[in-house]
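K.L.:
Can you keep this structure in mind? I'll have questions shortly.
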Protein chains: 2
Amino acid sequence: MNKVITISREFGSGGRELGRRLAEALGFAYYDREIVEEIANRSELSVHYVNDILEHRPAFSFPIHTGTSFVMTEAIWNPTQTVYMAQCQILKEMAEKSDCVVVGRCSDYILREFEPLSVFVYARMQHRIERCREKRPDEERTDRQLVRMIKNIDKHRAKYYEFFTARKWGDKSHYDICINTSAIDVKDAAAMLADYVKSTSTPKIST
Amino acid sequence: MNKVITISREFGSGGRELGRRLAEALGFAYYDREIVEEIANRSELSVHYVNDILEHRPAFSFPIHTGTSFVMTEAIWNPTQTVYMAQCQILKEMAEKSDCVVVGRCSDYILREFEPLSVFVYARMQHRIERCREKRPDEERTDRQLVRMIKNIDKHRAKYYEFFTARKWGDKSHYDICINTSAIDVKDAAAMLADYVKSTSTPKIST
């Protein structure tokens with residue numbers, strides 16, 4: 001069985017960067033936005049719309065933009081479930097293909113049969129605000145606007161996760177390790193996890 | 001400033017073993033039961049009674065056994081606070097003395113000015129039951145009795161912690177890293193943390 005690492009994260013905590021660095025350090029495949037693109041391809045919904053379902057707003061709250069002229073009936077009537085079903089299929093295919101690091105998208109739950117190392121990344125609000133400013137220096141938002149945006153995205157992530165998994169998003173009991181990037185630098189956290197994975201991996205026997 | 005690592009833990013999760021291994025790997029002082037003994041010495045309460053206040057039952061629920069014939073008035077009227085005050089003083093003295101690993105006893109909060117690496121160790125109930133059986137093979141308890149005991153100890157730890165810190169015990173936002181020992185072996189977790197601490201420590205400049 002391939003080695004799978006799933007990264008769940010609070011918005012602005014640096015979970016995505018941690019995942020990317022970890023994949024690089026281990027030489028694993030890295031899946032993040034590629035998942036959204038592949039879901040869009042298969043469900044025939046636009047990348048923008050899929051991303052909105054996954055990250056920003058509940059389904060049905062704004063018009064569907066389709067990527068092609070043909071729209072599946074299921075996608076019209078239940079786009080959130082269509083997206084979730086495509087997501088399950090794609091994630092499992094990715095995990096079957098090779099060792100990988102997957103960021104977000106309920107991957108810790110969907111890939112549970114692969115016994116992933118499931119990581120949750122979080123940080124204090126002030127740290128997340130500073131990180132958002134650093135990543136998007138051109139965006140002019142007040143601290144209050146940033147806090148509102150961060151809380152909204154997390155709220156929707158939690159809602160989406162809880163709807164499909166019946167688990168509480170961010171509850172440490174569902175993860176193997178939770179890392180606070182206000183205290184532990186993202187680079188150091190990635191190096192630490194990479195060393196752990198290397199030291200505990202059984203070398204594959206070539207057949 | 002000395003390097004301080006605090007280990008908070010659910011009962012039966014292996015947090016104590018993790019702390020001991022970590023201290024050994026780093027060559028740090030290790031404080032655990034020594035704290036109870038020192039509190040007993042200074043407060044003139046018995047070790048057994050101090051331990052009961054810290055771990056098992058609310059104060060005032062059973063008679064005080066003193067270690068000496070002289071009993072301080074404060075210890076009679078408010079043993080829990082007497083224990084807490086002694087605990088604060090002792091922990092700070094220990095942290096000022098050398099690099100150290102401290103297990104339990106609200107150390108993450110009491111030593112916050114030392115900016116410790118604060119670790120929370122937890123595990124699934126089944127794992128904790130198995131660990132309890134392994135550690136005390138002669139004790140004959142049913143699973144139900146063990147679950148009741150584990151829950152009771154954790155309940156009291158939470159109550160004690162929350163009373164003195166106004167923080168929720170086990171809430172990941174108060175810790176730098178949370179480790180699930182159902183998934184990550186205690187030895188591996190200790191090695192991982194030791195490597196992290198070594199890699200991020202600034203060598204001391206001798207004067």
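The values are calculated or read from the model by the stated rules, or taken from the named source; none is laboratory data. Note that the coordinates shown come from a computational prediction; the quantities given were computed from them, not determined experimentally. When we count neighbours, we look across all protein chains shown, and the Cβ atoms used for this are built from the backbone with ideal geometry, even at glycine. Only protein heavy atoms, including side chains, enter the accessible area calculation; ligands, DNA and RNA are left aside. Shrake-Rupley method; radii C 1.70, N 1.55, O 1.52, S 1.80 Å.
K.L.:
Under a 1.4 Å probe, what is the accessible area of chain B per residue, stated in Å²?
P.N.:
Numbers: 10540 Å² over 207 residues.
Ligands and nucleic acids excluded, the result is 51 Å² per residue.
K.L.:
Let me ask something else. Can you tell me, using C-alpha contacts under 8 Å and at least 6 residues apart, the relative contact order of chain B as a whole percent? All intermediate terms of the calculation are to be shown ahead of the outcome.
P.N.:
On the way: 283 pairs, mean separation 72.0, N = 207.
Averaging sequence separation for qualifying contacts and normalising by length gives 35 percent for chain B.
K.L.:
For chains A and B, what's the summed buried accessible area, probe 1.4 Å, to the nearest 100 square angstrom? If you can, show how the numbers build up before the last one.
P.N.:
Working: alone 11430 and 11390 Å², together 21110 Å².
Adding both sides of the contact gives about 1700 Å².
K.L.:
Let me ask you something else. Would you mind giving the mean number of other chain beta-carbons within 10 Å of the Cβ of each residue in A:174-182, as a whole number?
P.N.:
On the way: counts 1, 5, 7, 8, 10, 6, 8, 1, 2.
Across the residues of A:174-182, the mean count of other-chain Cβ atoms within 10 Å is 5.
K.L.:
Just to check I understand the Karplus step: with θ = phi - 60° and J = 6.51 cos²θ - 1.76 cosθ + 1.60, what whole-Hz values come out for segment B:20-30, glycine and proline as x?
P.N.:
After applying 6.51 cos²θ - 1.76 cosθ + 1.60, I find 5, 4, 5, 4, 4, 5, 9, x, 8, 5, 10 Hz.
K.L.:
A further question follows. Would you list the P(r) distribution for chain B, with all Cα-Cα distances sorted into 5 Å bins from 0 and each bin expressed as a whole %?
P.N.:
1, 7, 15, 18, 19, 16, 12, 7, 3, 1, 0, 0
K.L.:
Past 32 Å, Cα to Cα: identify those pairs from A:Lys155/B:Lys92; B:Lys155/B:Lys187; A:Lys151/B:Lys97, in the order given. Display every interim value, and only then the final one.
P.N.:
On the way: A:Lys155/B:Lys92 40 Å; B:Lys155/B:Lys187 27 Å; A:Lys151/B:Lys97 42 Å.
Beyond 32 Å: A:Lys155/B:Lys92; A:Lys151/B:Lys97.
K.L.:
Okay, moving on. Pairing rule first: another cysteine's C-beta must sit under 4.7 Å. Under that rule, which cysteines of chain B stay single?
P.N.:
That list is B:Cys88, B:Cys100, B:Cys106, B:Cys132.
K.L.:
Could you give me the ³J(HN,Hα) list for segment A:164-172, computed from phi with Karplus coefficients 6.51, -1.76, 1.60 and θ = phi - 60°, whole Hz, x at Gly and Pro?
P.N.:
Using θ = phi - 60°, the values come out as 8, 10, 6, 10, 7, 5, x, 6, 4 Hz.
K.L.:
So, one more: Per residue of the protein assembly as shown, what 222 nm ellipticity follows from adding -39500 (n - 2.57) for every DSSP H run with n ≥ 4, rounded to the nearest 500?
P.N.:
On the way: 18 runs with 210 residues, N = 414.
Roughly -15500 deg cm²/dmol at 222 nm, from the helical runs in the protein assembly as shown.
K.L.:
Calculate one ³J(HN,Hα) per residue across segment A:93-109 by plugging θ = phi - 60° into the Karplus curve 6.51 cos²θ - 1.76 cosθ + 1.60, and present them in order as whole Hz with x for glycine and proline.
P.N.:
4, 5, 5, 6, 6, 6, 4, 7, 10, 10, 9, x, 6, 6, 4, 4, 7
K.L.:
Would you work out the Kirkwood radius for the protein assembly as shown? I mean one over the mean of 1/r across all pairs of different Cα atoms, in Å. Provide the component values of the computation, followed by the final result.
P.N.:
Numbers: mean 1/r = 0.0422 Å⁻¹.
After inverting the mean inverse Cα-Cα distance, the result is 23.7 Å.
K.L.:
Leaving out ligands, DNA and RNA, and with a 1.4 Å probe, what % of the accessible surface on segment A:77-207 is carbon or sulfur? List each step's numbers first, then the result.
P.N.:
Values: 3390 of 6970 Å².
Summing carbon and sulfur atoms, their accessible area is 49 percent of the total for segment A:77-207.
K.L.:
I would also like to ask the following. What average number of partner chain Cβ atoms lie no more than 10 Å from the Cβ of the residues making up A:185-194? Intermediate results must be reported in sequence, preceding the final value.
P.N.:
Values: counts 1, 0, 0, 3, 2, 0, 4, 8, 2, 0.
That works out to 2 on average.
K.L.:
Separate question: Can you send over the carbon and sulfur percentage of the accessible area for segment A:1-57, probe radius 1.4 Å, protein chains only? Don't jump to the answer; show the numbers that get you there.
P.N.:
Working: 940 of 2230 Å².
Here it works out to 42 percent.
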